[in-house]
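Structure, as structure tokens:
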Amino acid sequence: MTRKIRLVHIINSFEFGGAEAMLCNLALRANRSRFEISIVSLIDDLRTARPLIDAGIPLATMGMKPGIPDPRAVLRLARHLRRIKPDVIQTWMDHSNLIGSIAARLATRAPVIWGIHHSNHVRGLTKRSTLMTVAACGKLSRRWPVKIICCSDYGIPLYANHGFDTSKMVVIPNGFDTAAFHPDATLRKTVREELNIPHDV
């Protein structure tokens, strides 16, 4: 029998957001006969992770606090990775790309795939710590990740401006359940009437 591929996803947290929803959808629909999946949340916020927990997918937290660098959490993550021996590591979003890669280099030779689920970091609106993280990832992108997954074409030139290696970037658009999300003429009419939007606009 062929051994399953041990895949670890690392994400900042499971507060409300698009990347968090996409990770939930991906993990819940993964081929369990081929992949042994586990997930790490750097921050202990698991408010949208209930479907993963109910499905029995292993989920660990590293106890980090938002906006506070914590070397101890990086070491905890490295110990966790060393213990579970992943074959592949996929990180989601800027902070987990950096922190996950540092921990991976301390613990394993598994390839790391970065995820970009953002586009334009505007100075003055984006946190300084995030801008510093993106700048560091730009410098490290040529050496650390084997691939960088973007959810849109739009983000590639914007991240290229931060020094990211575009030769590693691959676009995989976000997927949506079309059985749950589909046009509804009745709801369209109702919402437009509530907002006083003409039907032909």
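The values are calculated or read from the model by the stated rules, or taken from the named source; none is laboratory data. For clarity, every value in this text was computed on a predicted model and none was experimentally measured. Positions of Cβ are generated from backbone atoms using ideal geometry, with glycine treated the same way; all protein chains shown enter the neighbour counts. Only protein heavy atoms, including side chains, enter the accessible area calculation; ligands, DNA and RNA are left aside. Shrake-Rupley method; radii C 1.70, N 1.55, O 1.52, S 1.80 Å.
Candidates Ser141, His162, Cys151 compared by Cα position along the dipole of the chain: farthest toward the positive end lies Ser141, with charges placed on Cβ. Computed over the stretch 114-201, the Cα gyration tensor eigenvalues convert (square root of 5λ each) into semi-axes of 37, 18, 10 Å, ordered from largest to smallest.
At 1.4 Å probe size, with the rest of the protein present, what percent of the exposed accessible area of the chain is carbon and sulfur atoms?
Heavy-atom surface of the chain belonging to carbon and sulfur, 1.4 Å probe: 58 percent.
Using only helices, what value at 222 nm comes out for the chain when you add -39,500 (n - 2.57) per DSSP H run of length 4 or more and divide by the total residues, to the nearest 500 deg cm²/dmol? The partial results should precede the final answer.
Values: 7 runs with 74 residues, N = 201.
Rounded to the nearest 500, it is -11000 deg cm²/dmol.
In the context of the full set of protein chains, the chain has a per residue accessible area of 59 Å² (1.4 Å probe). Put one equal scatterer on each alpha carbon of the chain, apply the Debye formula with no solvent term, and list log10 I(q)/I(0) at q = 0.15, 0.19 1/Å to two decimals. Summing over Cα pairs of the chain leads to -0.96, -1.41.
Compared with the dominant principal axis of the Cα atoms in the chain, helix 94-107 is inclined by about 20°.
So, with +1 on the Cβ of K and R and -1 on the Cβ of D and E, and no other charges, what is the size of the charge dipole of the chain about its Cα centre, to the nearest 20 debye? If you can, show how the numbers build up before the last one.
Details: 28 positive and 16 negative charges, 255 e Å.
Computed about the Cα centre, the dipole is about 1220 debye.
Given the chain, what percent of its DSSP beta bridges are antiparallel, to the nearest 5?
On the way: 1 of 27 bridges.
Of the beta bridges lying entirely in the chain, close to 5 percent run antiparallel.
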